[in-house]
1. For segment 186-195, give me each residue that is at negative phi and surrounded by fewer than 19 Cβ atoms within 10 Å (Cβ to Cβ).
2. For Ser208, are the conditions met, namely being at pLDDT below 90 and buried (at least 19 other Cβ atoms within 10 Å of the Cβ)?
3. Of the residues that sit in segment 11-37 and are more than 8 Å from the ligand (Cβ to nearest atom), farther than 16 Å from Leu141 by Cα and open to solvent by 10 Å² or more (accessible area, probe 1.4 Å), which one is modelled with the lowest pLDDT?
4. So which pairs qualify, if the first residue must be in segment 7-36 and touching a residue at least 24 places away in the same chain (Cβ under 8 Å), the second must be in a loop (DSSP other than H, G, I, E, B) and of a type in the set (Val, Ile, Thr), the Cβ gap must be under 9 Å, and the two must be at least 6 apart or on different chains?
5. What about Gln73, is it among the polar types (S, T, N, Q), modelled with pLDDT of 95 or more and assigned by TED's automatic domain parsing to the domain that holds Gly33?
6. What is the one condition in (1) more than 30 Å from Leu37 (Cα to Cα); (2) among the hydroxyl-bearing types (Ser, Thr, Tyr); (3) open to solvent by 20 Å² or more (accessible area, probe 1.4 Å); (4) within 34 Å of the chain's Cα centre (by Cα) that Ser276 does not satisfy?
7. Consider Leu55 carefully, then state whether it is surrounded by fewer than 19 Cβ atoms within 10 Å (Cβ to Cβ), at positive phi and away from the ligand (no atom under 16 Å from the Cβ).
8. For Val87, which of the numbered conditions (1) closer than 25 Å to Arg165 by Cβ; (2) among the aliphatic types (A, V, I, L, M); (3) at pLDDT below 95 fails to hold?
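The values are calculated or read from the model by the stated rules, or taken from the named source; none is laboratory data. Computed from a prediction, not measured in an experiment: that's the story for all the values here. Because the Cβ atoms are built from the backbone with ideal geometry, glycine has one as well, and the counts that use them run over all protein chains shown. Keep in mind that these areas ignore ligands, DNA and RNA; they rest on the heavy atoms of the full protein, side chains included. Shrake-Rupley method; radii C 1.70, N 1.55, O 1.52, S 1.80 Å.
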Amino acid sequence: MTKDYGPVTALADVDLDVGEGETVALLGPNGAGKSTLLSIALGLRTPGSGTARVLGRRPLEALRAGRIGVLLQESGLLEDVRVGELVAAVAGMYPAPLTPERAMRAAGVEELAGQRVGRLSGGQRQRVRFALCVVGDPDLLVLDEPTVGLDVEGRRALWKELRARTGQGRTAVFATHYLAEADDYADRVVLLAGGRVVADGSVATVKSLVGGNEVRCTLHDADLSDLEILPGVLRVSVEGRSVSLRTKDSDATLRALFAMFGDVRDVRVESADLESAFVSLTGGRD
Ligand SMILES: Nc1ncnc2c1ncn2[C@@H]1O[C@H](COP(=O)(O)OP(=O)(O)OP(=O)(O)O)[C@@H](O)[C@H]1O
């Protein structure tokens, strides 16, 4: 699909298929198109060209059928009701909801049930948004930067609940700027930059796009040309006896290294982190 806002191209030729049961993190610099993509997937915006389908239906139909739980950035909340009333009212819109108490407990707001929404702090509001996101017991959770404003306990509660749901086969798509969240909780990462998908795969695959792992070891009399032809090796550096191999397949490199050299010692494999992948693939913008 594509989406333009006047002269601004928010999405350019994005083609994405999220399978049932996947937990997908949407990463990208500010303005990359993450919120636009999620709002089109929810039927809240229409694409310029292309189509979105959710759970086999048009997005708004899936939303109305109570199959989707949503947490959007700074979405408005009714101010003049109590938290418990709000969660119960939203539960009533879904065909087979959780009890409001269960959803409030999951989001850590059960003690706020009697408080007016208008009096809540920013982080407490975000917790209430999460309670509203899960109370319908939806098959698909769509969350735009869900942990913004949450304290440590709030984040822990959110990820625990999300993990419990995806562990039961539910699908979750969340946008985040916290690479550690993608690393820890997603099984797939979609990296957007300038409205395009610049990487899409498992966390390990995306990390490997920046050049994979670094294999370090100590080796006597290592010949540079012997090391360069090891499988997977992209770059070799040798300093005295210390050898460093940048490899896109550390398993294959290690097997060949041990087969070819008798005196390989102090072997360490260090992975490229998601941060270097992010910086390298998005041109360092964030
Ligand atoms: N309603 C709008 N009118 C005009 N331009 C918009 C509108 N919404 C978004 N844009 C533009 O579209 C582009 C993508 O915005 P979007 O909010 O989807 O990015 P994002 O990846 O969610 O960013 P962030 O990480 O800052 O939340 C940006 O250049 C933004 O300025």
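1. Looking only at segment 186-195, we keep the residues that are at negative phi, and these are 186-193.
Scanning segment 186-195 gives a single hit, Asp187.
2. Working: at pLDDT below 90: yes; buried (at least 19 other Cβ atoms within 10 Å of the Cβ): yes.
When the stated conditions are applied, Ser208 passes them.
3. Result: Asp13.
4. Final answer for the pair search is Val24/Val18; Ala25/Thr176; Leu26/Thr176; Leu27/Thr176; Gly33/Val14; Lys34/Thr176.
5. Values: among the polar types (S, T, N, Q): yes; modelled with pLDDT of 95 or more: no; assigned by TED's automatic domain parsing to the domain that holds Gly33: yes.
When the stated conditions are applied, Gln73 does not pass them.
6. Here Ser276 meets the rest and fails (1).
7. Numbers: surrounded by fewer than 19 Cβ atoms within 10 Å (Cβ to Cβ): yes; at positive phi: yes; away from the ligand (no atom under 16 Å from the Cβ): yes.
Here the answer is yes, as Leu55 does meet what is asked.
8. Every listed condition holds for Val87 apart from (3).
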